[in-house]
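Single-structure report; data block below.
The values are calculated or read from the model by the stated rules, or taken from the named source; none is laboratory data. Worth saying up front: this structure is predicted, and the values here are computed from it rather than measured. Please note: Cβ atoms are built from the backbone with ideal geometry, for glycine as well, and neighbour counts cover all protein chains shown.
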Amino acid sequence: MAAAPGPRIAVTMGDPTGIGPEVIVKALSHRGILAVCRPIVLGDRGIMERAVRLLGASIDVNEMATAAERHYRQGSINLLSLSSISPAEARHGTPSPACGRAMYAYIAEAVRLTAQGEVDAITTAPINKKALADAGYSYPGHTELLAELTGTVDYAMMLAGEKLRVVPVTIHCALRDVFRLLTADKIAASIRIAHRSLREYFNLPQPSIAVAALNPHAGEGGLFGSEEETLIAPALEQARALGIGVSGPLPPDTLFYHAAAGRYDAVICMYHDQALIPLKLLHFDEAVNVTLGLPIIRTSVDHGTAYDIAGTGRANPASLVNALKMAAMMAGSRKSRQ
């Protein structure tokens, strides 16, 4: 009896002038990926074919008329071509407003396909926020755009590797704004979303969650700051009242050592770099970005457009490979619970 086909994953091409097309070609050339999922690229035929030629890959581009199963061809780069960008507007490392419009189109269509059940999850390649804004779509990042497209109010960003998972409460903002943006309710919401997602998608019935302090030595009893007492402690009380296993606030200078050793399933962090510095130290090439709290499944690479190496063929596909595997795993977990 033939094995059931893997989940259908919409893969958005990202910035046409970055490394997205190259890592997609490399990732989809791995037969191991095609054994666990059925990727459908949302992008640009000319750009994808340029990446195939650049890499000398022995894989062809199959342009699909629709996302219907009858148009899917195993062993190919199955593509829904949503843009036709001229070479002058797609030089490596030089994004244009046309590229920004294309990036938005890929993401919007991926959300539509997933919401309608035509695909099971989304995996995204990196975008350029400036080009997106120049095209009229001003968002701090993918996460906020996806939240708006899906009508999601409470969401969180998780960065995950084999040894460490981190969830920043505040994401893309100036460091000086963190103290203004942090609230007990936001911290509590991040804990709840992480707890629910770890149970639903990561097969952890009783996840252990740690919460990082904001100040050195967790404030040292108020000597170095009071946020641990006024913001984080009340959030922990809210979480514990819901039966969530949570520890903290814990000094970050020791917390990440214990988390990486397996003591905690995820760490809630107060700001972007507090989360991403230890994560990237351990998992620079292979980490995955997961948006939690959405009604759809979305994973992403944990790197940018890397203009300095775009067009050289040197881009590492490990993060995209892992993002596709994680999307397939999450889709399978959701299906098993339905």
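Each residue in segment 2-38 was checked for being closer than 20 Å to Glu63 by Cα, of a type outside the set (Gly, Ala, Ser) and in a helix (DSSP H, G or I), and 10 pass. One residue alone among Ala51, Ala35 is touching a residue at least 24 places away in the same chain (Cβ under 8 Å), over 18 Å from Val301 (Cβ atoms) and among the hydrophobic types (A, V, I, L, M, F, W, C), and that residue is Ala35.
Inside segment 57-94, residues that are within 20 Å of Gly311 (Cα to Cα) and at pLDDT below 90 make up a count of 4.
Residue-by-condition table, conditions (1) within 24 Å of Glu118 (Cβ to Cβ); (2) acidic (Asp, Glu); (3) crowded, with 21+ Cβ neighbours inside 10 Å:
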position: Asp15; (1), (2), (3): no, yes, yes
position: Val25; (1), (2), (3): yes, no, yes
position: Ile40; (1), (2), (3): yes, no, yes
position: Ile47; (1), (2), (3): yes, no, yes
position: Ser58; (1), (2), (3): no, no, no
position: Glu63; (1), (2), (3): yes, yes, no
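For first residues located in segment 149-165 and assigned to a strand (DSSP E or B), partners that are acidic (Asp, Glu) and crowded, with 21+ Cβ neighbours inside 10 Å and lie 6+ apart or on another chain with Cβ distances below 6 Å form the pairs Leu159/Asp302. Residue count for segment 317-338, restricted to those that are under 18 Å from the mean Cα position of the chain (by Cα), over 16 Å from Arg165 (Cβ atoms) and either among the hydrophobic types (A, V, I, L, M, F, W, C) or at pLDDT below 95 (or both): 8.
Return the residues of segment 196-216 that are closer than 19 Å to Gly161 by Cα and part of a loop (DSSP other than H, G, I, E, B); say none if nothing qualifies. Can you show your working first?
So the first thing to find is which residues in segment 196-216 are closer than 19 Å to Gly161 by Cα, and the list is 196-204, 207-212.
Correct list: Phe202, Asn203, Leu204, Pro207, Ser208.
Taking the criterion of being outside any strand (DSSP E or B), within 13 Å of Cys37 (Cα to Cα) and either out of contact with any strand residue (DSSP E or B) (no Cβ under 7 Å at 6 or more places or on another chain) or among the hydrophobic types (A, V, I, L, M, F, W, C) (or both), the residues of segment 70-93 that qualify are Gln74, Gly75.
Of all residues in segment 301-322, those being touching a residue at least 24 places away in the same chain (Cβ under 8 Å) and basic (Lys, Arg) number 0.
Among the residues of segment 207-226, count how many are on the phi < 0 side of the Ramachandran plot and in contact with a helix residue (DSSP H, G or I) (Cβ under 7 Å, 6 or more places away or on another chain). Result for segment 207-226: 10.
Residue by residue, here is whether (1) of a type in the set (Val, Ile, Thr); (2) touching a helix residue (DSSP H, G or I) at 6+ places or on another chain (Cβ under 7 Å); (3) crowded, with 16+ Cβ neighbours inside 10 Å holds:
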residue: Ala90; (1), (2), (3): no, yes, yes
residue: Ala102; (1), (2), (3): no, no, yes
residue: Leu113; (1), (2), (3): no, no, yes
residue: Ala121; (1), (2), (3): no, yes, yes
residue: Gly136; (1), (2), (3): no, no, no
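With respect to the stated conditions, Lys130 fails to be among the charged types (D, E, K, R), in a helix (DSSP H, G or I), under 18 Å from Met270 (Cβ atoms) and over 14 Å from the mean Cα position of the chain (by Cα). Do we have Ser96 as crowded, with 19+ Cβ neighbours inside 10 Å and closer than 23 Å to Glu22 by Cβ here? Considered against the rule, which asks whether it is crowded, with 19+ Cβ neighbours inside 10 Å and closer than 23 Å to Glu22 by Cβ, Ser96 comes out as yes.
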